Structures are given as C-alpha cells and as structure tokens.
1. Does the range 221-352 come out rounded, prolate or oblate by the C-alpha gyration tensor, with a ≥ b ≥ c the root eigenvalues, rounded set by a/c under 1.5 and, if not, prolate when a/b is larger than b/c and oblate if not?
2. What aspartates and glutamates sit close enough to Lys344 to cross-link, taking a C-alpha to C-alpha distance under 19 Å and skipping anything fewer than 8 places away on the same chain?
3. Listed here are the pairs Lys56/Lys123; Lys141/Lys293; Lys166/Lys325; Lys256/Lys293; Lys56/Lys106; which of them are more than 28 Å apart at the Cα?
4. Hey, can you grab everything whose amide H is under 5 Å from the amide H of Val65? Only 5+ residues off in sequence or another chain; H modelled, so Pro and N-termini drop out.
5. Please get the size of the charge dipole for the range 161-288, origin at its Cα centre, with Cβ charges of +1 on Lys and Arg and -1 on Asp and Glu, quoted in debye to the nearest 20.
6. Sort 300-311, 30-41, 169-180 by the packing proxy (mean of other Cβ within 10 Å over each peptide's residues), most packed first.
7. If you roll a 1.4 Å probe over the heavy atoms of the protein chains, what accessible area per residue do you get for the chain, in Å²?
8. Rounded to the nearest 0.05, what FRET efficiency do Glu53 and Asp228 give with R0 = 41 Å and r taken as the Cβ-Cβ distance? Could you check?
Amino acid sequence: MMNTRSTSFCLNASAALLSAAVALAAHADEKTLYIGMNGGNMEKTYTQEVFTEFEKANNVKVVVVPGTSSEILAKAQANKDNPQMHVMFLDDGVMYRAVSMGLCQKLDETPTLAEQYPAARMKGDMAVGVNMGMTGLAYNKKMFADKGWAAPTSWLDMADPKFKGKVVFQSMPSSTYGLHAFLMLNRIEGGSEQNVEPAFDKWDSTVGPNVLEFIPSSSKIAEMVQTDEAALFPLTPTAVASLQAKGIDVGYVQPKEGAPLLMVSECVIANNSEPELSKKLADFLLSKDAQAKALAFGQLLPTNAHTPATAETKDLLAQMDTYMKSAIALDWDSINALRPEWNKRWNRQIEQ
C-alpha cells in the first residue's frame, strides 16, 4: 500500500504535470502580431507599458519590428502580397503614401474611433493618428531674456532682421520640421501645397538672410542653443519638452497662423494573416487608457480627446487642447506628388 507521503508526492507531481500541460497548450494557442514602429522611446513605452494588457486579454504576443517610417513602409511594400506585419505606425506624410499604395485596410467605425480628434482621422479612416503633435516655433529662452526680446508669435518672426545669423532651419528635403516651416511661410505669402512659388520667390528677402545653418535633423539643436548660436527654429512641443528635461532653456510657441499637424499614425495592413485580431489591436491602441499609458511613460501625446489626465499630465493635456484649435492638416497627397521636384529646387536654389 502506498503511504501518505508517496500519495501526496504523486498528487503534487500530477498537478504539476497538469499545470505544465495546460500552460503548454495555452502557449501553443498564443498568436503573434507584428507591428512596425520606431525604435527607442516609442518601442520601449509600448512594449513595456501598453501592449501587456492587450496581450493578456487576447492570449497574443505583440512583437515590434523597429525602423523609421520609410523603412517600415519599404518592408510593407516589399511583402504586399504576403504581409509579414499586421499593424504599422508611420509618420502621417508617409502614411498617406502607404494608403495610396493600397497597403492599408479601412478601420471599423467603433466608439473608440469616434473619440479621436477629428484631425487625426485620415483618408476615409484608412488610417488614424495614434500620437499627436505639431510643428511650431521653438526659441532660446536665455538668449531672448538676455536681449530683452519678446517671445515669438509668428512664423514671420524668422524673417525679423534682429535674428540675422540666429535662425536654424532644418533642411526641407530631409526633415518634416523644415518642410512644415517652409509650407507655413508659403501659405502666409499666398501659396498652397499645390503652389510653392511664393515661398521660393520670397525666400531670399525674408527668412533666407537670417539662416545660420541648414541642418539635416534636429540632433544639433541642443548644442547650438547651449552655445547661443541658435535663437529660433522649427520644433514640436514634445521635442521641446525633451530638451527642457535635459536642462536646456528653450520654449515652444504655437504661431498665430497655426501649426501643421505632425502625427504618428497607425493602419491595419491589408491582407494580413490575422485581420480581426489586428483591427482589435489597432482599436485598443486608440483607447483612452492605452494612450494615457503612452503619455505617462513615453510623453507621447494622445489623439484620443478623452484621455484621462493625471496630476503630472493635466497641464500638458490642457495645453494640447489649446494647440489643437489652431492645428493645420496639410494636403499630403499634393505634397507627396510634388516633393521630389521641390527637393531638387531647394538644393539648387536655397541650400547650395
């Protein structure tokens, strides 16, 4: 006869084996969704703080395919007939290209989608913004204080003679910030996304003489502010907040003429292997709770107008609501069609 200790051992062993079998079965049923997005802060925030709730609720693993928007788009295009990703995050201008290529499928009308800022909904809901931003003007607060200058209020402040040699402008062909600023100056001069002649024609008599340097990206801004080379430059509220967190004395203003939207947008990739689960993930990432986590842990500004505020984020969200009132959605279809021509002209005429 088996003694009590042996019986207990067998029961415990059986229970352990049963638990292991259940765990293995559950793991075997677990699906994997692949999402293309930027690496760095965005990947860390979503992987560690945002995806986990969705993964647990749906027995799924969400794996990030990191890369720039252009790299993610190239991957999606290369695998159009047999998609390897299920959802992708792209900068809004690149997303318009993705939609025009037929790489995205229409999002379902859901209560969560209805909560998004209207400007975040793109191209008949083929894509939607998931993190919101805009390009305005940033300025060197210490230099402005030392010189007794008032904070800027207009895109045309970059043409003020007192800023001669103190404006830093991102190169239009390589930077969305530079493109946005150029197009806003163009609008002020009477142009549009279909006609940029006014900006090119007026450049040498407005902003051009004040530009110290054309930079390919904004990575040099911090250094140029600290050495008092840069007084004024296009930038986003989020980028300004990042500089401020490093102790760099800069400020952001929303120009009175408005600021172009700069969103990271999402779309469900057409013809992917898990269409319903992919749409469910996309809808979850638009939810106010998911976006509250992205804001709290990654300083990623929400597109969901109902995102709850915390003590740490309430001022930022209130400011965001104010900025959105003068945010401008650009005509990206025209921009994408004409930009190669603009880039050539820019390199020939302005940045020689």
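The values are calculated or read from the model by the stated rules, or taken from the named source; none is laboratory data. In this text the structure is predicted, and so the values were computed from the model without any measurement. Cβ coordinates were reconstructed from backbone atoms using ideal geometry, including for glycine residues, and neighbour counts include every protein chain displayed. Accessible surface is based on the protein model in full, side chains and every heavy atom, while ligands, DNA and RNA are left aside. Shrake-Rupley method; radii C 1.70, N 1.55, O 1.52, S 1.80 Å.
1. In terms of gyration-tensor shape, oblate.
2. Glu193, Glu197, Asp201, Asp204, Glu213, Asp333
3. Lys56/Lys123; Lys141/Lys293; Lys166/Lys325; Lys256/Lys293
4. Residues meeting the amide H criterion: Ile35, Gly36, Met37.
5. Computed about the Cα centre, the dipole is about 300 debye.
6. Peptide ranking by packing, descending: 169-180, 300-311, 30-41.
7. That works out to 47 Å² for each residue.
8. 0.35
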